[in-house]
Amino acid sequence: MDALLSGLDMLARFDVALALLIGSIGGVIIGAIPGVGPPVAIAILLPATFSLDPLVGLVMLLGIYGSSMFGGALPAILINTPGTAVNALTTYDGHPMTERGEALRALGLAYGASFVSGILSIIALILFAPFLAKIAPMFGSREIFLAALLGIVLVILAHRGQTFAAGMLAAFGIFLGTVGLEPVKYTQRYTFGQDWLVGGFDLIVVVLGLFALSQAFQLLSGEDSAPDAQPIKGSMLRAIGEVFRFKRLAAVGSGFGVLMGMIPGVGEFTAQFLSYTYAQKTSKKPEDFGKGSPEGLVASEAANNAVPAAAMIPLLALGIPGEALTAMMLSVFYVHNVTPGPGLFQNQLDFVYALYIAMILLNVIVVVFMCFSSNLLLRIIRIPTRFLGLTILILSFVGVYSLRNSMTDCAIAAGFGLFGLILKRQNLPVVPIILGMVLGGIMEVKLRSAMARVKTPLDFVDRPIAAFIACAIVALIVLHIWGVVRERRAGLKEFEHDHDMHDTQGN
């Protein structure tokens, strides 16, 4: 109770309350503008948060992360353009509802589903994170190394159809983390006598290049456009209340979001797919899905908004980020010498409670804001894309330069920006690079520490948790290979069948 009261007292500070307000409303605005999205915004803001109090910085970033999907639903429903990538599925049923004159109802269902799932996922965070933190002391160097390796494997396998590319990009991220002075004897690695490589590749510089600058280059190189949409009329609060007609779908979608959010590298897209598929299979009108089904809209929005809080569970309990945005937040912890894990729950429980309450408040703030500001946000959507690209470009370079007052960092960020643009044009994932850098650093330090007590390969898995994680890694790889072989065989049989049919018709 003392820790809870102390957490409330921390949130009552003016700077924390202001950061929560700015993050919540700013996240909605960023999510509503197609072409920006939370990764770009968080990447730009990261350098500024390093000079702030850790709670202030984290509350602001969490506000942007958690509220951006609320805003992303607005253009997805009204102009068939998702504000963030994870709102793409919302267009399937949201925009058809707009076309038949139900825009208010569609927005209300989206906001209501997002609010319900956000609160449920925070409850899951409050319940699961302390439980994981109690288990975490059983994790030695070997277990943490294997857990980080499991994270890398899951990130790679999550990119179905692109596993080889994702694996190569994750390996590239691990390599980037090794450049510069190694952490034990401080010898130079892969510097090739170049002084500018001695400091290595800073994570924030790479993040700003791959996410923010690549997006700026893409907007500047594309056609200039300014989307338009019709104003909304009616009571948004009443429309939001309709979500309780679909309680089962909202709860199940939230469950999928929590589960997928806790697993590194899986995230919103898998959660949405599972939730949407479940809703369609259990619906009395499955033929309406993709044509304006309110059930489909609730299922997709409930699943994606449950992920942010759930993704904080492994971050707070084990210090292992599950995706790019939590990896960025981990850097805020490290800058302020705050180490996520069991020690955080033992020594700074008031800090943890403050984060929990802040996440609940941000959902309340966002819903209240959306009730009264949807028409105002429509004006923001109309920003020309090239002006938006130029703004992101300027803010990104300012952020990079402010880190170390280095033009070299700006040049490195620009290089990664061009590389990120190439990856986007080729439809290749960027996230494995970032997680490769973060998890690769954890793996190297823990592997070196573990090797002092390992004499044979079996010593690495001679403890229950280590053995369990190692078996999980092997099982996942085997199942993936088996799935690929089955798909190849099915494709080969289909090809042979089509070939035989063609020969029969020819004869």
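The values are calculated or read from the model by the stated rules, or taken from the named source; none is laboratory data. Quantities reported herein were computed from a predicted structural model and do not represent experimental measurements. Every residue, glycine among them, receives a Cβ derived from its backbone with ideal geometry; neighbour counts consider all protein chains shown. These area figures cover heavy atoms from the full protein model, side chains too; ligands, DNA and RNA do not enter into them. Shrake-Rupley method; radii C 1.70, N 1.55, O 1.52, S 1.80 Å.
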Self-check item: Cα pair distances exceeding 16 angstrom across region 148-229, given as percent
Solution: 69 percent
Quiz item: Out of region 77-186, which chymotrypsin sites (Phe, Trp or Tyr not before Pro) are coil in DSSP terms and have no more than 11 other C-beta atoms within 10 Å?
Solution: Tyr186
Self-check item: Whole-Hz couplings from phi, Karplus 6.51/-1.76/1.60, listed for region 166-176; x for Gly and Pro
Solution: 5, x, 5, 6, 5, 5, 5, x, 4, 4, 4
Quiz prompt | Low-density loop positions, trypsin sites (Lys or Arg not before Pro), region 266-374 - DSSP coil, at most 12 other Cβ in 10 Å | solution = Lys284
Quiz prompt | Calculated from backbone phi, Karplus (6.51, -1.76, 1.60) coupling profile of region 398-405 in Hz, x at Gly/Pro | solution = 4, x, 5, 5, 5, 5, 9, 6
Quiz item: Just the accessible area for Phe244, please: 1.4 Å probe, Å², rounded to the nearest 10?
Solution: 120 Å²
Quiz item: Under a plain spin-label model, where a point goes 7 Å from the Cα along Cα-to-Cβ, how far apart in nm are Asp459 and Arg488?
Solution: 3.8 nm
Quiz item: Cα convex hull of the chain: how many Å³ per residue?
Solution: 188 Å³
Quiz prompt | Accessible area (Å², 1.4 Å probe, nearest 10) - Asp9 | solution = 110 Å²
Practice problem: Enter the accessible area per residue of region 2-496 (Å², integer; probe 1.4 Å; all protein chains in place). | Solution: 44 Å²
Practice problem: Arrange the residues Thr277, Thr84 by how much accessible surface each exposes, largest first, with a 1.4 angstrom probe. | Solution: Thr277, Thr84
Practice problem: Calculate what fraction, in whole %, of the accessible area of the chain sits on carbon and sulfur atoms when a 1.4 Å probe is rolled over the protein chains. | Solution: 66 percent
Practice problem: Among Val243, Ser24, Leu176, flag the residue with its Cα farthest along the positive direction of the charge dipole of the chain, charges on Cβ as +1 for Lys/Arg and -1 for Asp/Glu. | Solution: Val243
Exercise. Find the all-direction average of the projected area of the Cα convex hull for region 1-94, expressing the result in square nanometres with one decimal place.
Key: 6.8 nm²
Quiz item: What net charge is computed for the residues neighbouring Ser406, neighbours being all others with C-beta under 13 Å from the C-beta of Ser406, Lys and Arg scored +1, Asp and Glu -1?
Solution: -2
Quiz item: Does anything in region 358-374 have its amide N under 19 Å from the 7 Å Cα→Cβ label point of Ile123, and if so which residues?
Solution: 358-365, 367
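Report the local net charge at Ile204: Lys and Arg +1, Asp and Glu -1, summed over other residues whose C-beta lies under 11 Å from its C-beta.
Surrounding charge for Ile204 is -1.
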Quiz item: How much accessible surface does Arg382 have with a 1.4 Å probe, in Å² rounded to 10?
Solution: 90 Å²
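Can you give the net charge of the other residues whose Cβ lies under 13 Å from the Cβ of Leu55, counting K and R as +1 and D and E as -1?
So the surrounding residues net to -3.
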Quiz item: Which value, in debye to the nearest 20, gives the size of the charge dipole of region 2-496 about its Cα centre, when Lys and Arg are +1 and Asp and Glu are -1 at the Cβ?
Solution: 760 debye
Practice problem: Could I have the simple spin-label model distance between Met168 and Leu220, label points 7 Å from Cα toward Cβ, reported in nm to one decimal? | Solution: 2.8 nm
